[in-house]
Amino acid sequence: MIKLLFGANLIESKGKVLLQVIWQWLSLVAQIIISGVVARTIAVYYEGNLETKKLLSYLGIALFAIFSKAIFELLYSKSVLTVNSQGKTKLRRRLVAKAIYNMKTLKEEYTASNLAKIISRGPEKMESFYCMFMSQFVYTIIAPITLLIFLLQYNVKAAVVFFVVTPLAPILGIAGAALGIAVTISEFLLSNMGLEQALLFLFLSLEFYKPVMKFAKYYISVRDDQKSIKKVMALLGGGKNE
């Protein structure tokens, strides 16, 4: 899998894959703003200090963040479709050109039917690798670090617990989030954080785990397609298919 991961130089759409990560990250920033506004609104209301002017201000910020998040998610989806469509077309052309150029050599390594399958089905399998897996791999690293840096200013202990258990999300499942939530509630009851900060941690708790769970899903898909992906890379590289 590691060899496949760093074999990404075979694709010509790295920039667009990186763009997918950027749109996802900006969507996360918008979600942080939304969560922060909601947490503050509830906290201020609980304290009895929620004036109409403040409420309108919070509402305006929240609506802007929601609109921005929707735009970023739309751009992400559009980028995925673009990479998917263009990537498969370019890859299929390269496979055909490679097959024609090295026809004599390839006849010794592949049967005609296998070669046809690689050319016809290979790009479909590669799509899940380059179009989804690669961008999600990078985002799965960036998202928890972003949340950690943001939340450290409010409570170090709770932020670190959420961050540490994040990689274990596919194993622990909801138990990991429950541990972070339990620590957050404990810190709040001990007066180590205010109501606004505690709510912010609770609202953002799932944002730690969603990228990891999504990545795990793509990983399983790519693992199942690994044989087909290796065949495509072997054909493009001119090497023997192992």
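The values are calculated or read from the model by the stated rules, or taken from the named source; none is laboratory data. Bear in mind that the values here come from a model prediction, so they are computed numbers and not experimental data. Quick reminder, even Gly has a Cβ in these numbers, built from the backbone with ideal geometry, and neighbours come from all protein chains shown.
If the requirement is being more than 23 Å from residue 197 (Cβ to Cβ) and either hydrophobic (A, V, I, L, M, F, W, C) or out of contact with any Gly (no Cβ under 6 Å at 6 or more places or on another chain) (or both), which of these qualifies: 22, 34, 61? Don't jump to the end; show me each part of the working.
Values: 34 fails: more than 23 Å from residue 197 (Cβ to Cβ); 61 fails: more than 23 Å from residue 197 (Cβ to Cβ).
Matching residue, one of 22, 34, 61: 22.
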* Structure fact -> Residues in the stretch 8-44 that are modelled with pLDDT under 85 and either surrounded by 17 or more Cβ atoms within 10 Å (Cβ to Cβ) or aromatic (Phe, Trp, Tyr) (or both) total 4
* Positions within the stretch 14-54 being more than 14 Å from residue 204 (Cβ to Cβ), touching a Ser or Thr at 6+ places or on another chain (Cβ under 8 Å) and either of a type in the set (Ser, Thr, Tyr) or in contact (Cβ under 8 Å) with a residue 60 or more places away in the chain (or both), in sequence order -> 16, 17, 18, 19, 20, 21, 24, 25
* Could you grab the pairs with beta carbons closer than 7 Å, sequence gap of 6+ or different chains, first residue in the stretch 150-178 and surrounded by fewer than 21 Cβ atoms within 10 Å (Cβ to Cβ) and in a helix (DSSP H, G or I), second one at pLDDT below 95 and polar (S, T, N, Q)? => 177/205
* When you scan the stretch 187-242, how many residues do you find that are at pLDDT 80 or above, polar (S, T, N, Q) and surrounded by 15 or more Cβ atoms within 10 Å (Cβ to Cβ)? -> 3
